[in-house]
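The values are calculated or read from the model by the stated rules, or taken from the named source; none is laboratory data. Please read these numbers as outputs of a predicted model, since none were measured by experiment. For neighbour counting, all protein chains shown are included, and Cβ atoms are generated from backbone atoms with ideal geometry for every residue, glycine included. The area values use the complete protein model at the heavy-atom level, side chains included, leaving out ligands, DNA and RNA. Shrake-Rupley method; radii C 1.70, N 1.55, O 1.52, S 1.80 Å.
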Amino acid sequence: MKRLAAILLFLSCCLSAGAQTKAAIDSINNIPFEKRIQKAVALTPVFLKNARAAEKIRYSLGIADSYSNLALVYYYQGKYSDNVSYSLKAIKIYEQLNATDRQAYEYAGLGYSMKRRDMDMAQYYMQKGKQIAERFNHTKPLLSIYNNYGVLKEMQNDLDSALYFYKKGLVLKESVNDSLGIPFSLNCIGGVYIMQKKYDEAAKLFQRALSIRTSRNDTIGIAENYTWLGDLHYAQQKHQTAISWYQKSLELALQNNYLFLAQSNYKSLSDSYDALNDKALALENFRNYAKIRDSLTNKETNSKIAELEVQFDTNRKEKMLAEANNLVLIKDAEANRQRTILATTFIVLFFALLIGYLLYRQQKLKNLQLQQEHFLKTAILQIEAQNKLQDQRLGIARDLHDNIGSQLTFIISSVENIKYAFDITNQKLDQKLQSISSFARETIVELRDTIWAMNSTEISVEDLATRILNLIEKAREANDSIAYSFHFDDELAKVRFTSIEGMNIYRTIQEAINNALKYASASEISINITDDGNSLLIQVADDGNGFDTDNAEMGNGIRNMERRTSDIGGNFKISSSNQGTAITIKLPKPNAND
């Protein structure tokens with residue numbers, strides 16, 4: 001405290017002696033936050049003098065910062081009229097300087113200071129500061145804005161929104177190691193936990209906040225944390241323990257002239273003693289609470305009365321002088337009075353319209369905020385639903401791989417063991433076992449393809465190309481006398497489909513190749529994926545013997561290809577002659593995703 005007093009005395013002397021430099025002005029405006037609220041009364045004349053010094057050298061930013069500090073110290077003295085006046089003055093200069101970070105901080109601070117007097121205006125100013133900070137990505141103002149916005153939500157009993165903004169602010173503060181702001185967020189979250197009766201969780205947060213503030217030697221912060229601990233024990237009906245915490249907080253609040261906190265502690269002590277049925281101490285503390293409350297109210301009231309008395313006295317003297325010296329101008333005075341009435345009526349009408357517009361605008365902003373919050377909650381629910389669906393898909397894929405895959409592998413192994421363990425001379429039995437082994441192997445391949453699709457949220461043309469090339473390699477192993485060709489346009493590589501669309505396309509191409517291998521007696525099979533403007537064309541063609549499409553009975557394979565294509569919104573076409581068969585799929589082209 002002595003060191004702070006010496007620094008203030010030195011800076012004050014510098015200003016008095018004419019050392020009105022920007023550096024000197026900034027050094028006073030940058031006094032640590034906790035010191036500003038600890039010594040709010042002592043610092044008031046210092047900041048007033050600092051503002052005058054900045055005005056002399058026309059240092060606009062120094063003036064605005066001094067006004068901002070005056071708004072803060074007046075708020076902690078309970079002088080709310082001066083708090084609002086200087087805050088609005090600072091905002092006006094910040095807007096002229098385009099200092100959006102300070103502008104956002106000051107709007108939000110003004111909103112926070114009005115929370116117990118006018119909640120609608122408090123929320124209006126807080127939202128204005130929040131919007132400016134988020135629009136220009138100013139992290140520093142948001143450190144306090146998110147937390148203070150949560151306070152407004154808590155006061156409106158919107159606990160879910162309050163916790164959302166408290167935790168959002170805490171994450172941001174922890175990311176920049178804001179040791180000054182972290183305790184505020186911890187205490188606010190703990191306060192909500194008290195209302196939710198999560199007492200153990202609240203206690204941990206309060207103790208963590210107190211530890212940080214003790215390490216910083218933040219006297220006012222420590223006093224506030226003592227009050228929070230008192231509230232915690234009061235909520236658990238441990239009234240004697242609550243009293244000891246309130247008394248510790250009250251002692252620090254009175255030492256530092258922090259009257260608002262002192263008022264709160266006296267009220268809490270009165271409630272605690274009343275709960276213990278100690279009516280004498282309950283009454284004594286309530287009287288102290290009322291005394292401070294009335295003193296805070298009377299400071300502004302008396303100041304306003306004095307101002308009105310001066311104005312009234314001045315007007316009375318001027319009126320007497322006018323009557324004595326201007327009797328001949330009575331008619332002119334009457335005309336002036338009529339003009340004054342007309343002007344006053346016009347001004348009243350103007351301000352009535354202005355207030356109506358501001359109320360309309362405020363309601364419009366409130367409705368917009370509600371719409372945005374509803375949209376955000378809906379989006380969060382959709383994301384959570386998508387995440388649950390993806391988790392289910394991954395779980396099914398793992399079960400398919402681990403259970404069915406392992407069982408098929410066991411079947412293959414068992415068939416091979418039977419063949420080698422026994423001397424099988426029956427050719428039909430041998431062929432049947434071989435058929436079972438081949439079917440199980442093919443089923444494993446099909447299973448892997450299905451798992452690939454399920455694990456993929458999106459499938460690109462490039463992914464399809466990889467699977468098609470693998471399919472061609474297996475076809476060559478089955479029949480190496482057939483020539484295969486595959487081509488797709490390079491600009492289509494990044495075009496993406498959903499996993500369902502991609503799997504249906506792949507299965508259709510796979511069925512087309514299998515049909516060509518089984519029935520066409522072809523010497524060449526080609527697969528092409530091309531860009532046809534707004535559409536994507538996929539064609540599988542062979543030079544085999546073909547068939548009569550009008551008279552031939554279509555098998556399950558072709559019907560499956562038609563169904564798969566129709567399911568994903570495409571058109572399926574098959575054409576055949578004695579020169580070969582071509583299967584063409586026409587699909588709407590999705591947007592490329594780079």
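Are there any pairs with C-beta distances below 7 angstrom linking a residue in region 269-296 that is in a helix (DSSP H, G or I) to a residue that is β-branched (Val, Ile, Thr), with the two at least 6 apart or on different chains, and if so which?
Final answer for the pair search is LEU269/ILE243; SER272/ILE243.
Here are some residues: LEU143, LEU186. Which one is at pLDDT 90 or above, aliphatic (A, V, I, L, M) and touching a Leu at 6+ places or on another chain (Cβ under 7 Å)? Explain how you work it out, then say what you get.
Working: LEU143 fails: at pLDDT 90 or above.
Testing whether each residue is at pLDDT 90 or above, aliphatic (A, V, I, L, M) and touching a Leu at 6+ places or on another chain (Cβ under 7 Å) leaves just LEU186.
Considering only region 201-213, how many residues are open to solvent by 80 Å² or more (accessible area, probe 1.4 Å) and under 29 Å from ASN257 (Cβ atoms)? Before the answer, list the steps.
From region 201-213, those open to solvent by 80 Å² or more (accessible area, probe 1.4 Å) are 201, 204, 207-208; that's our starting set.
So of that shortlist, the ones also under 29 Å from ASN257 (Cβ atoms) come out as 207-208.
Of the residues in region 201-213, 2 are open to solvent by 80 Å² or more (accessible area, probe 1.4 Å) and under 29 Å from ASN257 (Cβ atoms).
Quick one: in region 172-195, of everything that is among the charged types (D, E, K, R) and either farther than 18 Å from LYS140 by Cα or out of contact with any Ser or Thr (no Cβ under 7 Å at 6 or more places or on another chain) (or both), which residue is surrounded by the most Cβ atoms within 10 Å (Cβ to Cβ)?
Of all residues in region 172-195, those among the charged types (D, E, K, R) come to 173-174, 178.
Narrowing further to those that are either farther than 18 Å from LYS140 by Cα or out of contact with any Ser or Thr (no Cβ under 7 Å at 6 or more places or on another chain) (or both): 174, 178.
On the way: GLU174: 13, ASP178: 19.
Looking at the filtered set, the residue picked out is ASP178.
Condition first: β-branched (Val, Ile, Thr) and over 19 Å from ASN578 (Cα atoms). Now tell me which residues in region 513-557 satisfy that. Give the steps one after another, and end with the answer.
In the first step, residues of region 513-557 are kept if they are β-branched (Val, Ile, Thr); the result is 513, 525, 527, 529-530, 538, 540, 549.
Across region 513-557, the qualifying residues are ILE527, ILE529, THR530, ILE538.
Would you mind telling me which numbered condition in (1) at pLDDT below 90; (2) more than 17 Å from ALA522 (Cβ to Cβ); (3) buried (at least 18 other Cβ atoms within 10 Å of the Cβ) GLY570 fails?
Going through (1) at pLDDT below 90; (2) more than 17 Å from ALA522 (Cβ to Cβ); (3) buried (at least 18 other Cβ atoms within 10 Å of the Cβ) one by one, GLY570 breaks only (1).
If LYS198 passes every condition in (1) surrounded by 23 or more Cβ atoms within 10 Å (Cβ to Cβ); (2) without any contact (Cβ under 8 Å) to a residue 24 or more places away in the chain; (3) more than 30 Å from LEU368 (Cα to Cα) but one, which one does it miss?
(1)
Any residue that is open to solvent by less than 50 Å² (accessible area, probe 1.4 Å), at pLDDT below 80 and outside any helix (DSSP H, G or I) - is there at least one of those in region 448-456?
yes
Please work out if GLN127 is in contact with a helix residue (DSSP H, G or I) (Cβ under 9 Å, 6 or more places away or on another chain), farther than 22 Å from GLU34 by Cα, polar (S, T, N, Q) and touching a residue at least 40 places away in the same chain (Cβ under 8 Å). So that I can check it myself, show each step before the final result.
On the way: in contact with a helix residue (DSSP H, G or I) (Cβ under 9 Å, 6 or more places away or on another chain): yes; farther than 22 Å from GLU34 by Cα: yes; polar (S, T, N, Q): yes; touching a residue at least 40 places away in the same chain (Cβ under 8 Å): yes.
Here the answer is yes, as GLN127 does meet what is asked.
Return the total of residues in region 124-152 being polar (S, T, N, Q) and open to solvent by less than 20 Å² (accessible area, probe 1.4 Å).
Restricting attention to region 124-152, the residues satisfying the condition of being polar (S, T, N, Q) are 127, 131, 137, 139, 144, 147-148.
Pick out the ones that are also open to solvent by less than 20 Å² (accessible area, probe 1.4 Å) and you get 127, 147.
Going through region 124-152 one residue at a time, the tally reaches 2.
Against the conditions (1) open to solvent by 70 Å² or more (accessible area, probe 1.4 Å); (2) modelled with pLDDT of 95 or more, where does TRP245 fall short? Just the number, please.
Exception for TRP245: condition (1).
Within region 348-365, can one find any residue that is modelled with pLDDT of 60 or more, under 30 Å from LEU229 (Cβ atoms) and surrounded by 15 or more Cβ atoms within 10 Å (Cβ to Cβ)?
If we filter region 348-365 for residues that are modelled with pLDDT of 60 or more, which is where we start, we get 348-365.
Applying the additional criterion that residues be under 30 Å from LEU229 (Cβ atoms) yields none.
Within region 348-365, not a single residue is modelled with pLDDT of 60 or more, under 30 Å from LEU229 (Cβ atoms) and surrounded by 15 or more Cβ atoms within 10 Å (Cβ to Cβ).
When you scan region 469-500, how many residues do you find that are within 22 Å of ARG564 (Cβ to Cβ) and part of a helix (DSSP H, G or I)?
So the count comes out to 9.
How many residues does region 482-495 contain that are of a type in the set (Gly, Ala, Ser) and at pLDDT 85 or above?
First, pick out the residues of region 482-495 that are of a type in the set (Gly, Ala, Ser): 483, 485, 493.
Then drop every residue that is not at pLDDT 85 or above, which leaves 483, 485.
Residues meeting the conditions: 2.
Take ILE509 and decide whether it is open to solvent by less than 70 Å² (accessible area, probe 1.4 Å) and over 25 Å from GLY569 (Cα atoms).
Details: open to solvent by less than 70 Å² (accessible area, probe 1.4 Å): yes; over 25 Å from GLY569 (Cα atoms): no.
In short, no.
Quick check, is ALA253 under 30 Å from the mean Cα position of the chain (by Cα), in a helix (DSSP H, G or I) and closer than 15 Å to GLU34 by Cα?
No, not satisfied.
If you check TYR112 against the conditions, is it part of a helix (DSSP H, G or I), open to solvent by 40 Å² or more (accessible area, probe 1.4 Å) and under 26 Å from ALA235 (Cβ atoms)? Talk me through it step by step, then tell me what you get.
Details: part of a helix (DSSP H, G or I): yes; open to solvent by 40 Å² or more (accessible area, probe 1.4 Å): yes; under 26 Å from ALA235 (Cβ atoms): yes.
Against the criterion (part of a helix (DSSP H, G or I), open to solvent by 40 Å² or more (accessible area, probe 1.4 Å) and under 26 Å from ALA235 (Cβ atoms)), TYR112 qualifies.
State all residues of region 545-578 that are part of a loop (DSSP other than H, G, I, E, B), in contact (Cβ under 8 Å) with a residue 12 or more places away in the chain and farther than 28 Å from ASN534 by Cβ; if no residue qualifies, say none.
First pass over region 545-578, keeping only residues part of a loop (DSSP other than H, G, I, E, B): 545-555, 568-570, 578.
Then drop every residue that is not in contact (Cβ under 8 Å) with a residue 12 or more places away in the chain, which leaves 545-549, 568-570, 578.
Passing the criteria: ASN545, GLY546, PHE547, ASP548, ASN578.
Report whether or not ASN534 is over 15 Å from LYS586 (Cα atoms) and open to solvent by 50 Å² or more (accessible area, probe 1.4 Å). Give the steps one after another, and end with the answer.
Values: over 15 Å from LYS586 (Cα atoms): no; open to solvent by 50 Å² or more (accessible area, probe 1.4 Å): yes.
Here the answer is no, as ASN534 does not meet what is asked.
Quick check on my filter: what residues within region 89-109 are in contact with a helix residue (DSSP H, G or I) (Cβ under 8 Å, 6 or more places away or on another chain) and outside any helix (DSSP H, G or I)?
ALA99, the sole residue that qualifies.
So ILE529 ticks every box in (1) open to solvent by less than 20 Å² (accessible area, probe 1.4 Å); (2) assigned to a helix (DSSP H, G or I); (3) at pLDDT 85 or above but one. Which box is left unticked?
(2)
Condition check: closer than 21 Å to GLN510 by Cβ, open to solvent by 30 Å² or more (accessible area, probe 1.4 Å) and modelled with pLDDT of 90 or more. Does ARG559 satisfy that? Full working, then the answer.
Details: closer than 21 Å to GLN510 by Cβ: yes; open to solvent by 30 Å² or more (accessible area, probe 1.4 Å): yes; modelled with pLDDT of 90 or more: no.
It is false that ARG559 is closer than 21 Å to GLN510 by Cβ, open to solvent by 30 Å² or more (accessible area, probe 1.4 Å) and modelled with pLDDT of 90 or more.
Out of the residues in region 532-556 that are at pLDDT 85 or above and polar (S, T, N, Q), state the one that is nearest to HIS487 (Cα to Cα).
Looking at the filtered set, the residue picked out is GLN539.
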